[in-house]
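Chemist: Quick one: this structure, given as structure tokens, is what I'll be asking you about.
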Amino acid sequence: MERYFDRGDGFGGLIDEWEEPLRSAFKAVQVQSTYSTPIRVNGQWWGVLCFDYCQEPIRVSRGKLQF
């Protein structure tokens, strides 16, 4: 995850497409897809915004993860 946040990119996708051990960890809490994007304020790291979809797997385009 760090490599995506260091570059300032969002990431995520369908859990079934992820590699272990993250796939098993998210499946254990019934997440079907998840997306995260870093938040920067005035060029400084501020936090991360995450969306977890548990009802059904939802695919979000990469362009929608960048602010």
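The values are calculated or read from the model by the stated rules, or taken from the named source; none is laboratory data. All of these numbers come straight from a predicted model, not from anything done at the bench. Please note: Cβ atoms are built from the backbone with ideal geometry, for glycine as well, and neighbour counts cover all protein chains shown. Quick note on the areas: whole protein, heavy atoms, side chains included, nothing else; ligands and nucleic acids left out. Shrake-Rupley method; radii C 1.70, N 1.55, O 1.52, S 1.80 Å.
Chemist: Around Asp16, what is the net charge, scoring Lys/Arg as +1 and Asp/Glu as -1 over all other residues with Cβ under 13 Å from its Cβ? Walk me through the numbers on the way to the answer.
Modeler: Numbers: positive: Arg23, Lys27, Arg59; negative: Glu17, Glu19, Glu20, Glu56.
So the surrounding residues net to -1.
Chemist: For the residue pair Asp16 and Ile39, what label-to-label distance in nm results when each label sits 7 Å from Cα along the Cα-to-beta-carbon direction?
Modeler: Using points 7 Å along Cα→Cβ, the separation is 3.2 nm.
Chemist: Just for the Cα atoms in segment 23-67, what are the lengths along the principal axes, largest first, rounded to whole Å?
Modeler: 36, 20, 14
Chemist: Quick one: accessible surface of Ile58, probe radius 1.4 Å, all protein chains present, in square angstrom to the nearest 10.
Modeler: Surface accessible to solvent at Ile58 totals approximately 60 Å².
Chemist: Using only the heavy atoms of the protein chains and a 1.4 Å probe, how would Arg59, Arg40, Arg23 rank by accessible area, largest first? Write down the numbers at each step before the final one.
Modeler: Values: Arg59 155, Arg40 105, Arg23 65 Å².
So, going from the largest accessible area down, we get Arg59, Arg40, Arg23.
Chemist: Distance in nm between label sites at Val48 and Val60, each 7 Å beyond Cα in the beta-carbon direction?
Modeler: Calculated label separation equals 1.3 nm.
Chemist: Going by accessible area, probe 1.4 Å, with all protein chains left in place, what is the ranking of Tyr35, Tyr53, largest first?
Modeler: On the way: Tyr35 5, Tyr53 65 Å².
From most exposed to least exposed: Tyr53, Tyr35.
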